[in-house]
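Below you'll find the structure, written out as structure tokens, and then a few comments.
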Amino acid sequence: MSEEEAAAQDVDVFTSSFSSVQQKELAKKLTTFVSQYSYLTDSFIIEFFSENLWHTLPRTWQTVLQDLSYPQIADLLLDASHNDRRYPAVWPLSLLAFRATAHALAFPRESSRDRGRVSGSVKPEEFMENQCQSSLLGHIFRKHVKPKKQHEIRKLGMLVKQLCDQTGCRRVVDVGSGQGHLTRFLSFGLGLSVTAIEADRTLVSMAYRYDNELQWVLQKEKQKKNCSFQLPETLPIPHHVAGWVNPKASWENFIKQLKSAGHVSDGSPTPPGPSKKRLRGCDHLKCSDVMQTSHCPGSTDPDGLSQDLNKNKKELSEGNCCSGNHPVFEKAAGQGENGLQDSQDFVLTGLHACGDLSATLLRHFVSCPHVRGITSVACCYMKITTKENPTPPGLVTPPSSLTPGSESVLSDFGYPMSSWVRGLPGHQLSYKAREGACHAVEDYVRRLREGSALLRTHCYRAILETFMRETRPELRRAGIQTIKKAHLLPFTEYARLGLARVGLPPDLPLDPERVEAMLKHQSRVVVYFSLTQLLAPVVETLVLLDRMIYLQENDVDSQLVPLFNPNFSPRNLVLVALKPSR
């Protein structure tokens with residue numbers, strides 16, 4: 001099989017998985033199912049005792065679930081791929097149907113190639129040799145980058161490159177770019193012209209610093225006599241914009257933002273040079289690490305995408321490696337002093353764009369004629385605005401002063417985006433349901449199978465909530481934040497630390513007999529939380545399917561690709577779309 005055939009077989013992202021009719025039918029089933037069990041999705045596990053949540057379950061469910069061991073909870077409830085199910089008692093049909101429906105309605109979180117294989121592996125194969133360094137990513141792109149992000153930028157970067165090849169675009173806009181790790185891989189690694197926009201000016205400054213640091217390393221390595229790797233004369237470098245993407249602004253204003261590239265803080269980027277802090281995990285760099293194929297030498301290509309990197313490597317085979325003021329680091333041809341120009345087509349990407357930002361990118365993709373393709377990886381669903389909750393906790397607020405004309409008549413919410421889902425009865429998703437959809441199901445299954453002591457923190461917090469409410473009822477769901485190594489503490493010490501954080505006396509008398517009685521129900525707390533976890537992928541599916549239907553309503557086919565390893569990157573579904581050819 002050729003590399004091109006392998007790529008097409010592995011990630012067939014340019015065709016729709018569902019017809020429009022199938023998408024709408026699935027949306028109907030999802031809204032019906034989720035609304036039926038909203039008492040689970042909307043519940044807070046910290047209220048297990050204070051709201052008597054266990055007795056909200058059907059009595060027949062309580063009987064068969066109350067004595068399950070942690071591994072049994074994982075095998076019998078959460079793991080859809082587990083085939084050897086041995087029930088300690090006969091389960092009621094309603095519970096069996098609930099579990100089967102939840103698994104059937106959720107989008108698969110593993111690729112067809114990995115299905116049934118990743119459940120036993122915490123990290124992808126690329127980290128088997130070194131737990132902190134991806135063997136598939138060039139050494140120079142791993143600096144300052146945690147393993148999870150290394151995995152993500154390589155996989156998503158190659159997918160964006162595919163879209164660029166498909167559309168004929170060489171320009172990419174990376175929204176919510178953070179410190180610019182994906183941006184640098186797309187630009188320096190894959191030879192694309194990238195404009196990055198990020199609301200946090202501190203992160204933009206860091207991105208500039210890392211860009212220049214990378215150029216400095218290339219310059220130093222080039223001076224070594226044994227460096228055989230060379231760069232072309234016109235390698236594009238990223239352009240960075242510090243700006244908040246207003247979800248109510250038009251695409252024209254978005255384009256204006258992108259044209260204001262290249263200025264942070266005092267108006268000048270960080271000068272080239274090494275970081276004062278030692279580079280983590282990097283004792284030295286080889287120029288051959290700048291472009292590394294997407295597979296280890298002598299192995300088969302796990303992604304079927306190495307032809308893109310090999311082609312890029314060939315394109316980078318001539319020229320000189322120099323500092324940032326040399327032509328090798330000049331702007332790409334056709335890109336002016338202010339970054340992206342009005343008439344330039346580009347591909348839009350957002351890696352874990354928070355809350356409404358992902359929905360905003362989809363709207364710009366639909367309305368802006370210059371956006372030819374999009375890859376959207378969402379996160380923080382609880383921060384999505386809805387009609388019922390237009391200002392959810394954690395919502396990113398606009399800066400104190402917006403540029404004139406940045407507000408428009410757009411007033412759509414982050415969910416639902418499609419007219420179809422908006423018209424379905426029971427489509428509403430509470431803040432808690434959307435927050436639950438952000439949980440890492442695979443990680444929880446692993447904890448259950450290991451019998452992790454971390455599981456007792458659910459029970460600890462629920463017990464503490466009971467005493468807090470009895471003392472001061474207005475402290476309902478008060479945030480006590482994370483208590484370090486809470487699972488290793490006796491409850492009395494945990495309570496002492498937690499009470500102090502909400503302004504209650506740390507030595508508040510706690511009935512030891514009541515505490516002991518509630519601690520004995522820890523397994524019930526875990527079972528109940530596992531039922532809510534079973535629904536988490538279903539809620540996420542509804543949110544993402546709504547976006548697919550929105551695109552379909554605007555005459556654009558799309559597909560969800562389980563691109564990342566779900567054990568490693570829980571928000572691993574990438575929404576991919578291309579506009580029809582002109």
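At 1.4 Å probe size, put 476, 86, 461 in order of accessible surface, largest to smallest.
Heavy-atom accessible area, descending, gives 86, 476, 461.
Counting only the heavy atoms of the protein chains, how much of residue 472 is accessible to a 1.4 Å probe, in Å² to the nearest 10?
Accessible area of residue 472: about 80 Å².
Trypsin sites (Lys or Arg not before Pro), restricted to region 490-541: which are DSSP loop and have at most 12 other Cβ atoms within 10 Å?
Those that pass, being in a loop and sparsely packed, are 520.
Of the listed pairs 29/383; 248/579; 383/520; 149/248, which have alpha-carbon separations greater than 27 Å here?
Among 29/383; 248/579; 383/520; 149/248, the Cα-Cα distance tops 27 Å for 383/520; 149/248.
Excluding residue 552 itself, what net charge comes from residues whose Cβ is under 12 Å from its Cβ, given Lys and Arg +1 and Asp and Glu -1? Numbers along the way, then the final one.
Details: positive: 24, 547; negative: 546, 553, 555, 557.
It works out to a net charge of -2.
For region 453-478 and region 37-59, write down the distance between their C-alpha centroids in whole Å.
One Cα centre to the other: 14 Å.
List the pairs from 161/220; 123/387; 161/387 whose alpha-carbon separation is above 32 Å, in the order I gave them. Write down the numbers at each step before the final one.
On the way: 161/220 28 Å; 123/387 39 Å; 161/387 37 Å.
Those over the limit are 123/387; 161/387.
Would you kindly give the portion of the calculated P(r) for region 482-582 that falls above 21 Å, as a percent of all Cα pairs?
62
Could you put 442, 51, 474 in order of accessible surface area, largest first, with the 1.4 Å probe and the full protein assembly present?
474, 51, 442
What is the dipole size for region 413-499, taken about its Cα centre, with +1 at each Lys and Arg Cβ and -1 at each Asp and Glu Cβ, in debye to the nearest 20?
60
Leaving ligands and nucleic acids out of the surface, order 366, 525 by accessible area at 1.4 Å, largest first.
Order by accessible area, largest first: 366, 525.
Over the Cα atoms, compute the radius of gyration (one decimal) and Dmax (the largest Cα-Cα distance, rounded to a whole number) for region 155-211, in Å.
11.3, 35
Just to verify a number: what accessible area does residue 418 come out at with the full protein assembly present, 1.4 Å probe, Å² rounded to tens?
Residue 418 has an accessible surface of roughly 0 Å² with all protein chains in place.
Not counting ligands, DNA or RNA, and with a 1.4 Å probe, what is residue 255's accessible surface area in Å² rounded to the nearest 10?
Accessible surface of residue 255 is approximately 10 Å².
Hey, what's the Cα Rg ratio for region 422-538 versus the globular rule of thumb, 2.2 N^0.38 Å?
1.21
Mark the label point 7 Å from the Cα of residue 104 along Cα→Cβ and return the residues of region 534-563 whose backbone N is within less than 19 Å of it.
Once the point is set 7 Å along Cα→Cβ of residue 104, 534-542 turn out to lie under 19 Å by backbone N, inside region 534-563.
The values are calculated or read from the model by the stated rules, or taken from the named source; none is laboratory data. Every value quoted in this text rests on a predicted model; they were computed, and no experiment measured them. As a convention, Cβ positions derive from the backbone with ideal geometry for all residues, glycine included, and neighbour counts pool all protein chains shown. For accessibility, only protein heavy atoms count, side chains too; no ligands or nucleic acids. Shrake-Rupley method; radii C 1.70, N 1.55, O 1.52, S 1.80 Å.
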